[in-house]
Amino acid sequence: MSTFESSIKQIPYKQESVYNMLSDLSNLERIKDKLPEDKIKDLQFDSDSISISSPMGAVKMRIINREAPKEIKFEAEDSPLPFNFWIQMLPVTESSSKLKLTLKADLNPFIKGMVKKPLQEAIEKIADVMAIIPYE
């Protein structure tokens, strides 16, 4: 298994607000127009799944586990590579939190050499977007 992690992002909202927003993906509708189009392309979602276009093709993920208020786990449903993805949220103060993204994929050495850099960049871009979302 290959693991890719984002840097830890500081979020100026409390952990529960971040969790409540991200655990129901239909909440993305209210901030869809604020997302940078150069970072998120062809975004589609419902309450439990999300799909985007990536350099490797279309990627669709479905929420498979919610552990309020600290973790949301996803599994790839439609993707060129099988993977699991999760969002971890921890409180920092009563009004702020931090967030980290982790992606685990079963990659052979040849594929890993080709996708390591794009996957790391993608997970960091997603974390950057999550850091600027208004959660309340």
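Observations on the structure shown:
- Between Lys112 and Lys98, the simple spin-label model (points 7 angstrom out along Cα→Cβ) gives 2.7 nm.
- Expressed as a whole percent, the accessible area of the chain that falls on carbon and sulfur atoms is 51 (1.4 Å probe).
- Each other residue within a Cβ distance under 11 Å of Ile87 adds +1 if Lys or Arg and -1 if Asp or Glu, for a net charge of +3.
- Label assignment, Rg and Dmax of the Cα atoms in Å derived from the structure, set (i) 15.0, 48; (ii) 14.4, 45; (iii) 17.5, 60: (ii)
- Ligands, DNA and RNA excluded, the heavy atoms of Tyr135 present near 10 Å² of accessible surface to a 1.4 Å solvent probe.
- Whole-number accessible area per residue in Å² for the stretch 1-121, which is evaluated in the context of all protein chains at 1.4 Å: 58 Å²
- The residues Arg30, Arg62, sorted by heavy-atom accessible surface at 1.4 Å with ligands and nucleic acids left out, run Arg30, Arg62 from largest to smallest.
- Computed [θ] at 222 nm, deg cm²/dmol, the chain (DSSP H ≥ 4; -39,500 (n - 2.57); rounded to nearest 500): -8000 deg cm²/dmol
- Dividing the mean sequence gap of close Cα pairs (under 8 Å, 6+ apart) by how many residues the stretch 6-124 holds gives a relative contact order of 27 percent.
- Net charge of Cβ neighbours under 14 Å - reference Gly57; Lys, Arg +1; Asp, Glu -1: -1
- Cβ-Cβ FRET estimate between Gln44 and Ile64, R0 fixed at 25 Å, reported to 0.05: 0.85
The values are calculated or read from the model by the stated rules, or taken from the named source; none is laboratory data. These figures come from a predicted structure and were not determined experimentally. For neighbour counting, all protein chains shown are included, and Cβ atoms are generated from backbone atoms with ideal geometry for every residue, glycine included. Calculation scope for accessible area: heavy atoms of the full protein, side chains included, ligands and nucleic acids excluded. Shrake-Rupley method; radii C 1.70, N 1.55, O 1.52, S 1.80 Å.
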